[in-house]
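Everything below concerns the one structure shown next.
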Amino acid sequence: MAANPQAKMDNPLRLIKKYPNRRLYDTKTSSYITLVDVKQMVLKQEEFQVVDAKSGDDLTRQILLQIILEEESGGMPMFSSDLLSQMIRSYGSAMQGFMGSYLEKNLEGFQQMQKALQEQSQKLYGDNSKSSQEIWAQFMNMQGPAMQGLMQAYMEQSQKMFAQFQDQMQNQARNMFAGFSFPGFPGQPQGKPESDSK
């Protein structure tokens with residue numbers, strides 16, 4: 001779906017400059033901000049880009065990863081060590097590009113489920129009433145650990161399914177080319193070393 005050009009002009013991309021002293025400068029508010037402020041922009045779904053003030057390089061992903069690292073270092077991490085290890089193992093594999101889009105689609109599905117729960121709550125208690133907002137906040141505070149546990153289990157299950165799929169693809173490739181001889185290919189005979197004539 002094409003973006004509305006008028007909406008883009010009304011809400012231009014928010015530019016944040018990162019200086020060598022690690023400080024972040026918000027060009028919209030003409031003030032220095034922290035990672036907490038950037039996290040709030042993410043939560044409010046504001047479009048922004050972080051660039052190196054000197055080189056102009058895009059640092060948005062680096063800043064987002066830094067926010068995730070801080071969240072994971074807090075009291076309630078979302079990812080287990082096992083899941084993180086499996087994600088690291090996916091780097092450099094033939095399926096790395098597919099892995100990113102696979103996880104992204106799963107996260108979108110999870111967020112849609114979360115949004116549906118919130119919409120049901122608003123239907124029950126009304127859109128703008130203070131009591132409904134308080135009830136929703138209490139519900140989320142109580143359900144926070146459960147939601148995080150559900151998210152972690154969901155991600156781990158998705159990761160396991162992906163790993164099984166990857167193994168099946170590799171096994172099928174091995175079986176398909178089993179009759180061919182490729183020097184150096186895992187599982188292929190390496191050829192006999194020439195006998196020493198001495």
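Which net charge results for the neighbourhood of Lys17, defined as the other residues with beta-carbon distances under 15 angstrom from its beta-carbon, given Lys and Arg at +1 and Asp and Glu at -1?
+1
How far apart, in nanometres, would the label points at Thr27 and Lys105 be if each is projected 7 angstrom from Cα along the Cα-to-Cβ direction?
Output for this residue pair reads 3.6 nm.
Round to the nearest 10 and report in Å² the accessible area of Phe162, as given by a 1.4 Å probe over the protein chains' heavy atoms.
The accessible area comes out at roughly 10 Å².
What relative contact order, as a whole-number percentage, does region 38-109 give when Cα pairs under 8 Å and 6 or more residues apart are counted?
Relative contact order comes out at 12 percent.
Quick one: of Lys17/Lys105; Lys17/Lys123; Lys39/Lys105; Lys39/Lys123; Lys39/Lys160; Lys123/Lys160, which pairs are farther than 32 Å apart, Cα to Cα?
Lys17/Lys123; Lys123/Lys160
May I ask you to give the percent of accessible area on region 5-87 that is carbon plus sulfur, with a probe radius of 1.4 Å?
53 percent
The values are calculated or read from the model by the stated rules, or taken from the named source; none is laboratory data. Everything numeric in this text was worked out from a predicted model, so none of it was measured. A quick note on method: Cβ atoms are made from the backbone with ideal geometry, for glycine too, and the neighbour counts reach across all protein chains shown. When the accessible area is computed, the model is the full protein with side chains, heavy atoms only, and any ligands, DNA or RNA have been set aside. Shrake-Rupley method; radii C 1.70, N 1.55, O 1.52, S 1.80 Å.
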